[in-house]
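Report on the structure given below.
The values are calculated or read from the model by the stated rules, or taken from the named source; none is laboratory data. If you're wondering where the values come from, they're calculated on a predicted model, not measured in any experiment. Here Cβ is always computed from backbone atoms with ideal geometry, including for glycine, and neighbour counts include all displayed protein chains.
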């Protein structure tokens with residue numbers, strides 16, 4: 001259980017960790033400072049693979065350093081590198097998450113995103129409704145049966161409320177036959193980030 005009841009990112013990590021095993025594939029749509037990428041790598045273990053995306057080199061550098069401090073094998077790729085080889089370690093891609101399907105060597109068991117801006121960088125560079133929805137649409141298509149997509153939504157920055165409404169609508173319209181969907185909010189802090197999770201149902 002999360003040490004802090006209202007720590008939304010922590011709940012997202014725990015809900016993803018329930019579904020990840022050693023040797024699997026996981027994806028971070030927004031590398032940022034690398035905390036989510038590192039969490040995923042710890043869950044998939046030394047035989048697993050994590051693929052992380054970011055358009056800001058500063059974010060990828062921060063993520064790379066964080067992973068290398070933990071002795072994770074890291075590979076870096078430019079936009080347009082094509083489908084990656086399925087191999088253990090972490091692949092950092094300098095590209096937007098809206099094209100994630102063109103890089104994946106298989107079906108990920110977990111996909112995570114923290115929307116908004118890179119906290120240590122240029123706060124005018126944010127995730128955008130159009131490309132976020134493109135990434136989420138591809139995510140639910142490529143997600144492995146039984147896998148989970150977890151998205152933390154921030155609405156306090158310019159454009160954040162619009163993106164939040166778009167993401168809420170996307171999750172609410174997922175087919176109940178194929179997906180279970182959860183929303184987790186801090187009810188007495190309306191401006192706090194909140195969590196959306198979709199689990200793809202396994203075929204019987």
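What to note about this one:
- Segment 10-25, residues that are without any contact (Cβ under 8 Å) to a residue 24 or more places away in the chain and more than 19 Å from residue 181 (Cβ to Cβ): 10
- Residue that is surrounded by 24 or more Cβ atoms within 10 Å (Cβ to Cβ) and either within 15 Å of the chain's Cα centre (by Cα) or on the phi < 0 side of the Ramachandran plot (or both), where the choices are 26, 17: 26
- When segment 35-64 is filtered for residues that are out of contact with any strand residue (DSSP E or B) (no Cβ under 8 Å at 6 or more places or on another chain) and either closer than 12 Å to residue 89 by Cα or not in a helix (DSSP H, G or I) (or both), the ones remaining, listed by number, are 38, 42, 45, 46, 47, 56.
- Every condition in (1) touching a helix residue (DSSP H, G or I) at 6+ places or on another chain (Cβ under 8 Å); (2) outside any loop (DSSP other than H, G, I, E, B); (3) under 24 Å from residue 136 (Cβ atoms) is met by residue 67 except one, and the failing one is (3).
- Yes/no for residue 76 being assigned to a strand (DSSP E or B) and over 16 Å from residue 112 (Cα atoms): yes
- Pairing residues of segment 58-74 that are surrounded by fewer than 20 Cβ atoms within 10 Å (Cβ to Cβ) with residues that are part of a loop (DSSP other than H, G, I, E, B) and at pLDDT 95 or above, at Cβ distances under 6 Å and at least 6 apart in sequence or on separate chains, gives 66/34.
- For the criterion of being within 23 Å of residue 4 (Cβ to Cβ) and at pLDDT below 95, residue 121 fails.
- Segment 142-173: number of residues that are touching a helix residue (DSSP H, G or I) at 6+ places or on another chain (Cβ under 7 Å) and either closer than 17 Å to residue 110 by Cβ or in contact (Cβ under 8 Å) with a residue 40 or more places away in the chain (or both): 10
- Among the residues examined, residue 196 does not qualify as modelled with pLDDT of 95 or more, surrounded by 12 or more Cβ atoms within 10 Å (Cβ to Cβ), in contact with a strand residue (DSSP E or B) (Cβ under 6 Å, 6 or more places away or on another chain) and in a loop (DSSP other than H, G, I, E, B).
- Residue match in segment 68-89 (condition: at pLDDT 95 or above, under 16 Å from the mean Cα position of the chain (by Cα) and within 25 Å of residue 15 (Cβ to Cβ)): no
- The single condition among (1) on the phi > 0 side of the Ramachandran plot; (2) without any contact (Cβ under 8 Å) to a residue 12 or more places away in the chain that residue 124 does not meet is (1).
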